[in-house]
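One structure is given here, and the rest of the page talks about it.
The values are calculated or read from the model by the stated rules, or taken from the named source; none is laboratory data. A quick note: this is a predicted structure, and the numbers were derived from the prediction, not measured. Positions of Cβ are generated from backbone atoms using ideal geometry, with glycine treated the same way; all protein chains shown enter the neighbour counts. Areas reflect the complete protein model, heavy atoms only, side chains present, ligands, DNA and RNA absent. Shrake-Rupley method; radii C 1.70, N 1.55, O 1.52, S 1.80 Å.
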Amino acid sequence: MSALKSESQRPQSPIRFDLGYLVVLAICLLAIWPFIGRASLPQETDAELHIFRLAELSYLVRGGVFYPRWAPNFYHGYGYPIFNYYAPLTYYVGLLFEWLPGLDAVAGVKAVFVLGLLGAGFGMYGFVRDNWGRPAGYVAAAVYIYAPYVQYVDPIARGALAEAFSLGVFPLALWALDRLRRQATAVRWVTAVLLTAAVILSHNLMALLFFGLLLAWAVWQVITVGWRAANGRFLFGALFLGLGLSAFFWLPVILERNAVNLTTLIGAGDNYDYRTHFLSLTEFFTPTRRLDWGATEPVFHFNLGLAQWLLGGFGLLMLALRRVRYAAHAAFFALALAVLLFLMLPVSNFVWQAVPFLPYFQFPWRLLGAAVAMLAVLAGAGVAALLEWRAW
């Protein structure tokens, strides 16, 4: 009998709703409130661009072009190939809301921001809960959701719709793959494939980072627990099938990259020069300043967040003391955190010069979202270790 069974072939048990999801929803409420409590979106951010793109996609789809690669109304009617080169998932998700009665492109973009934050909370909770328990899941979800970069910088200060959404899809994909690792079923297999594809279709650059992290995590599982115990063939099968499923987007981007001038994405001494956006160790640990809401562009720090590095650091300490359950699993996130932090420091410049695609990230601080995801997992593992230690 195949190791991959359908859910119907397994003994059925009563469906139990995890009330912890309601707690996570409450945790997320404050983060999503700026989007549901206000009529519009923050001004002078990239959110405006995404509203135009969603409106254009809606116009084209209503006209029968269901997967356009050209935006004919952009650039004063000359057209622009934005849909051929920019990850499309967020716009299609927004389209589902834009089409609802009484809603428009602004509401569609707001809905995608909200879904990204909810995905971040629920995905992180589910993954950490399955490994270290429900209280650990609550802590991890809160640490991730309320990291300055996840809660404020990406969705509000920058209005980076696709990148903010990818920060929510990544923990969901990690959770799906972890469930597949534990028990291979048809439903879990399909879920892992679709969420892996969603990671790639959410944001061009974060797709490289997050798919790399998911692949590295799968390799780590095979190394630490073995091929069979990690359900290696299903893990790697889901990852690469998800990659293949999203090829309708990334393959034309690669094949037609010479049709556009991509060098404009890499600056030399200007805003798009990655060398001008490295962070320092001090900046990582600088507390978030109180924002001046009367300013047109409030000044903020690119930092990890005080609670994030304190709780994540506690998890690292418990891991070093060998108090963390599933220590080998937690060690992956510690190592990934170290690599991500290193890549945001000026000392990593030689790596950025050696790896051809890294300069296209433009801002090394983009890695903050992934770094706080690693910290969130470590924070949850550390809290679980503390609770178990006290109980003992």
Take F165 and decide whether it is open to solvent by less than 10 Å² (accessible area, probe 1.4 Å), touching a Gly at 6+ places or on another chain (Cβ under 9 Å) and not small (G, A, S). no
Here is a check on your reading of the model: is L115 free of Cβ contacts under 8 Å to residues at least 40 places away in the same chain and open to solvent by 40 Å² or more (accessible area, probe 1.4 Å)? no
Number of the exception - A157 against (1) open to solvent by less than 40 Å² (accessible area, probe 1.4 Å); (2) at pLDDT 95 or above: (2)
Per the filter on the range 274-290, residues in contact (Cβ under 8 Å) with a residue 60 or more places away in the chain and either part of a loop (DSSP other than H, G, I, E, B) or within 30 Å of T263 (Cβ to Cβ) (or both) are Y274, R275, H277, F278, L279, S280, T288
Within the range 180-193, tally of residues that are surrounded by fewer than 19 Cβ atoms within 10 Å (Cβ to Cβ) and either within 18 Å of A229 (Cα to Cα) or in contact (Cβ under 8 Å) with a residue 12 or more places away in the chain (or both): 4
Among the residues that make up the range 261-271, is at least one of them in a loop (DSSP other than H, G, I, E, B), over 22 Å from L358 (Cβ atoms) and open to solvent by less than 70 Å² (accessible area, probe 1.4 Å)? no
Inside the range 164-200, the number of residues satisfying the requirement of being farther than 14 Å from L115 by Cβ and in a helix (DSSP H, G or I) is 23
Just checking, does the range 196-209 include any residue being of a type in the set (V, I, T), within 21 Å of N131 (Cβ to Cβ) and within 15 Å of the chain's Cα centre (by Cα)? yes
Only one of L310, L317 is assigned to a helix (DSSP H, G or I), touching a residue at least 60 places away in the same chain (Cβ under 8 Å) and open to solvent by 80 Å² or more (accessible area, probe 1.4 Å). Can you tell me which? L317
Being crowded, with 23+ Cβ neighbours inside 10 Å and without any contact (Cβ under 8 Å) to a residue 60 or more places away in the chain is the filter; apply it to the range 121-148 and report the residue that is nearest to the chain's Cα centre (by Cα). G123
Determine whether the range 288-303 contains at least one residue that is out of contact with any Phe, Trp or Tyr (no Cβ under 8 Å at 6 or more places or on another chain), at pLDDT 80 or above, among the hydrophobic types (A, V, I, L, M, F, W, C) and closer than 20 Å to L358 by Cα. no
Breaking point among (1) surrounded by 22 or more Cβ atoms within 10 Å (Cβ to Cβ); (2) touching a Phe, Trp or Tyr at 6+ places or on another chain (Cβ under 6 Å); (3) under 18 Å from T90 (Cα atoms); (4) not basic (K, R), for T196: (2)
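Given the condition without any contact (Cβ under 8 Å) to a residue 12 or more places away in the chain, open to solvent by 50 Å² or more (accessible area, probe 1.4 Å) and over 19 Å from Y274 (Cβ atoms), answer yes or no: does some residue in the range 332-342 qualify?
Of the residues in the range 332-342, the ones without any contact (Cβ under 8 Å) to a residue 12 or more places away in the chain are 335, 338-339, 342.
Filter once more, so that each one left must be open to solvent by 50 Å² or more (accessible area, probe 1.4 Å): 335, 338-339, 342.
Adding the requirement that they be over 19 Å from Y274 (Cβ atoms) leaves 335, 338.
Yes - at least one qualifying residue is present in the range 332-342.
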Filtering the range 27-60 down to residues that are open to solvent by 10 Å² or more (accessible area, probe 1.4 Å), in contact with a helix residue (DSSP H, G or I) (Cβ under 7 Å, 6 or more places away or on another chain) and over 13 Å from P155 (Cβ atoms) yields I27, S40, I51, R53, A55
